[in-house]
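Taken together, the values in this text are just the output of simple stated rules run on the coordinates, not laboratory data. Nothing here was measured: the structure is a model prediction, and the numbers come from that model. In this analysis, Cβ positions are derived from the backbone assuming ideal geometry, glycine residues included, and neighbour counts consider all displayed protein chains.
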Number of protein chains: 2
Amino acid sequence: MINPPKISKLTTEEKLLMGPGPSNIHPETSLAMSKPILGHLDPDFLRILDENQEMLRYVFQTKNTLTLPISATGSAGMETCILNLVEPGDTVLIAINGVFGARMKDVAERSGAKVETLTADWGSVFSLEEIEEGLKKFSPKVFGIVHAETSTGAQQPMEGLGALVHKYDCLLLLDCVTSLGGTKVLIDEWEVDAVYSGTQKCLSAPPGLSPVSFSQRAEEKMAGRKSKNRSWYFDLSMVKSYFGGERLYHHTAPINMNYSLHASLHEIVEEGLENRWKRHEKNHQILKAGLEALNIEFPVEEKYRLPQLNAVKIPEGVEDVKIRNRMLELHKIEIGSGLGAFKGKYWRIGLMGHTSRAQNVIRCLSALKECFLHFGYPVPEDPIEKAYRHL
Amino acid sequence: MINPPKISKLTTEEKLLMGPGPSNIHPETSLAMSKPILGHLDPDFLRILDENQEMLRYVFQTKNTLTLPISATGSAGMETCILNLVEPGDTVLIAINGVFGARMKDVAERSGAKVETLTADWGSVFSLEEIEEGLKKFSPKVFGIVHAETSTGAQQPMEGLGALVHKYDCLLLLDCVTSLGGTKVLIDEWEVDAVYSGTQKCLSAPPGLSPVSFSQRAEEKMAGRKSKNRSWYFDLSMVKSYFGGERLYHHTAPINMNYSLHASLHEIVEEGLENRWKRHEKNHQILKAGLEALNIEFPVEEKYRLPQLNAVKIPEGVEDVKIRNRMLELHKIEIGSGLGAFKGKYWRIGLMGHTSRAQNVIRCLSALKECFLHFGYPVPEDPIEKAYRHL
């Protein structure tokens, strides 16, 4: 027999999570996970699933029947959408202006699709004209684009996009991992056919589930498939039998994660979506004002900025890792590093869900000021003096 | 705007989970999930991941480096093993004697493998001779078999199997979803090349993660792949960069689920594997003695029975659904229905992990007796009088 390792009981410290997710969790959501566990076919648990679907429809602003949480994290939601919508050989067009568009391309290539791409600079967004050109040129069956690019903090404008994509007899696939619950997401109004998100961003539940939703058009494409889904775990034709009326066992749903999703969605229902969007916008304004005092700038044009995910340029001469380490170790605040092309040059300061509160913004700004002073970096103005007017 | 639904705050009732999983959770494991959330790249969280890997190696009884929890439930572990080990066109041989062998076949077919099968009656196991015949006939690259068939309660004998499979230059893939942490699992001694399990059975954590482990042989086959993994989410060549030294971001790990895994593995380390196996065996004996009083029999030959998953024949004239409903609604005890070919004819009474305690067995037996009396079914003897001698 191999001997047991010597390991102490789990302890974790309270930290303020202002990175690109996970965000902090409301105490009610945190407690929900410890409620007594139920079986995955227990009528009491099935009622919780039903309510989660109903609340997800509200948060997505959709009437789509096929709206449910996939039993894995956000990237699994991406894979679920692609593997169900796309059959090998289908042409798929992906818009890439950051890490997550590139990930969508990778997932689509693995699915056996013929993948074409549109590219734009990191931090920018796509115009309807650019997209129309791509649709004309490649005649794709599915067009995938990221609504909230977590690597750059850019928000894709959605007006007219659904109608345009449908004009070319194509389906619209949208990544709302970072936007859902933090900024406007209107799945029906925008005519989105497939959307995925994650729980650990603006929904403020722990990571582990990926809410998805599919339009009637998408359901029809899936119903007409000629080939079996390449994945068993992500095959919605089976997953939906568990969520729907038949309650056929597919896999064991993550019970306690669904409790936390219930609690976090309930918080949103209580707050109201519009209030929540306003709160995220307001706290972004406070942060922005304070960061200006430290000469920290935004790479993304103002009108395309995500209020909940602030990608900001690290000032000349300031060392990325030194600041992030001191923020985490001394101030117990996590801010995110840059990803991909933005690594070492940008930070990503998240103000998502339960993290997005004025007291947290002020705490972050004063901690940043302390770090700048400590390392002898310039502090041209006091961030709190700049920020307080926006509270 | 679509209006918010009217939904009450989450409540759940305490139930005794004696089905095929999820099992009940130790209070420490339950509380662990509510500990403060950390970022997925926080050094404090990475230490928790390291400790989980170390404790999983103990529970699997392996020194395999590539031992980690996949961020989804047990069936995703199955898919991970197959998608990483197998390339399209590879011949795979699957042994089927219940639902989960059949599922393995389904997953393997979707992976593009050429799938051959060995079949045996439900409730029976495979002999080395039968398996050798299959290996000779099909020359597979991977042979998949279920160690603990959750649909029938049968336990596959493992002596000599690894050596036999390797003699035919084949890799051994083993399903230990229901066995890990409840009955003997010796991955290195048995020469298993790939194994997957779930957290919600004998590990007594909530569902949501799937521990897997891969031998050096398996790692070599994966390193020599000619084609990219068809799945992005389950591609171990990327997942292992996050778990290994480089800490490359792949997907956001389910933080709180990893807390619960840590706590549940820590319980096992404290109890000791051998003590845990003995406890599961002893409680099975108590249950078995009590069930005899109600004329409830086991379909599986005694030496192949899983102590933690008791598939038992519903006595002639006893109505399956009536009993299970009364058990759940009045006694707050979940027992499992039969799956597939066993539906309506068998129950599955789980004694897994934290559920496997003498007081729970007695509670279940007396509740069953009450139900039998209530519906006027024969109770030839008192189950407690039969059971108490085994305590």
- request: Within 10 Å, count the other beta carbons around each residue, average over each peptide in A:322-334, B:288-300, and list them highest first.
  value: B:288-300, A:322-334
- request: Extending each Cα 7 Å along its Cβ direction at B:Glu159 and A:Tyr388, get the distance between those two points in nm, one decimal.
  value: 8.0
task: At q = 0.15, 0.16, 0.17, 0.19 Å⁻¹, what is the base-10 log of I(q)/I(0) for segment A:80-182 according to the Debye formula with one equal point scatterer per Cα and no solvent? Please give it to two decimals.
output: -0.54, -0.61, -0.70, -0.88
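Work out the P(r) tail for segment B:272-390: percent of alpha carbon pairs separated by more than 26 Å, whole number.
13
From other protein chains only, count the Cβ atoms within 10 Å of every residue's Cβ in A:200-206, then give the mean.
For peptide A:200-206, the averaged partner shielding equals 3.
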task: Would you mind telling me which residue in B:Thr117, B:Thr178, B:Thr199 has the biggest mean-square fluctuation in a Gaussian network model of chain B, where springs connect alpha carbons within a distance under 10 angstrom?
output: B:Thr117
field: Residue mean of other protein chain beta carbons inside 10 Å, A:336-343
entry: 1
- request: When a/c is below 1.5 the answer is rounded, else prolate if a/b is larger than b/c, else oblate, so apply that to the protein assembly as shown with a ≥ b ≥ c taken from the square roots of the Cα gyration tensor eigenvalues.
  value: prolate
- request: Rounded to whole Hz and in sequence order, give me ³J(HN,Hα) for segment A:156-162 from the Karplus expression 6.51 cos²θ - 1.76 cosθ + 1.60, θ = phi - 60°, writing x for Gly and Pro.
  value: 6, x, 10, 4, x, 5, x
- prompt: Say we join alpha carbon atoms closer than 10 Å with springs in a Gaussian network model of chain A; which of A:Val142, A:Val321, A:Val125 then has the biggest fluctuation?
  reply: A:Val321
field: If the convex hull is drawn through the Cα atoms of segment A:156-269, its volume per residue in Å³
entry: 130
- prompt: Hey, in the GNM for chain A with a 10 angstrom Cα cutoff, which one of A:Glu191, A:Glu220, A:Glu87 fluctuates hardest?
  reply: A:Glu220
- prompt: Per 10 Å bin, what percent of the C-alpha pairs of segment B:331-391 does each bin hold, from zero upward?
  reply: 19, 46, 33, 3
message: Using a label point 7 Å beyond Cα on the Cα-Cβ vector, give me the inter-copy distances for B:Ala163 in nanometres, one decimal, shortest first.
response: 7.4
task: Put a label point 7 Å from Cα along the Cβ direction on A:Asp320, then list its distances to the equivalent points in the other copies in nm, shortest first.
output: 5.8
- prompt: Counting partner chain Cβ atoms within 10 Å of every residue's Cβ in A:327-333, what's the average?
  reply: 1
query: Based on the Cβ-Cβ distance of A:Lys184 and A:Ser8, what FRET efficiency does E = 1/(1 + (r/R0)^6) give at R0 = 41 Å, to the nearest 0.05?
result: 0.35
query: Roughly what % antiparallel, to the nearest 5, for the DSSP beta bridges in chain A?
result: 45
- line: Note, A:Glu130: beta-carbon cut-off 14 Å, +1 each Lys/Arg, -1 each Asp/Glu, net -3
message: Less than 13 Å Cβ to Cβ from A:Met327, Lys/Arg counted +1 and Asp/Glu -1: what total charge do the surrounding residues give?
response: +2
task: Write down the percent of antiparallel bridges among all DSSP beta bridges whose residues are both part of the protein assembly as shown, to the nearest 5.
output: 50
query: What spacing in nm lies between the two simple spin-label points modelled at A:Ala358 and B:Glu220, each 7 Å away from Cα in the Cβ direction?
result: 6.6
- prompt: Over all distinct Cα pairs, what is the inverse of the mean 1/r for segment A:27-269, reported as the Kirkwood hydrodynamic radius in Å?
  reply: 18.0
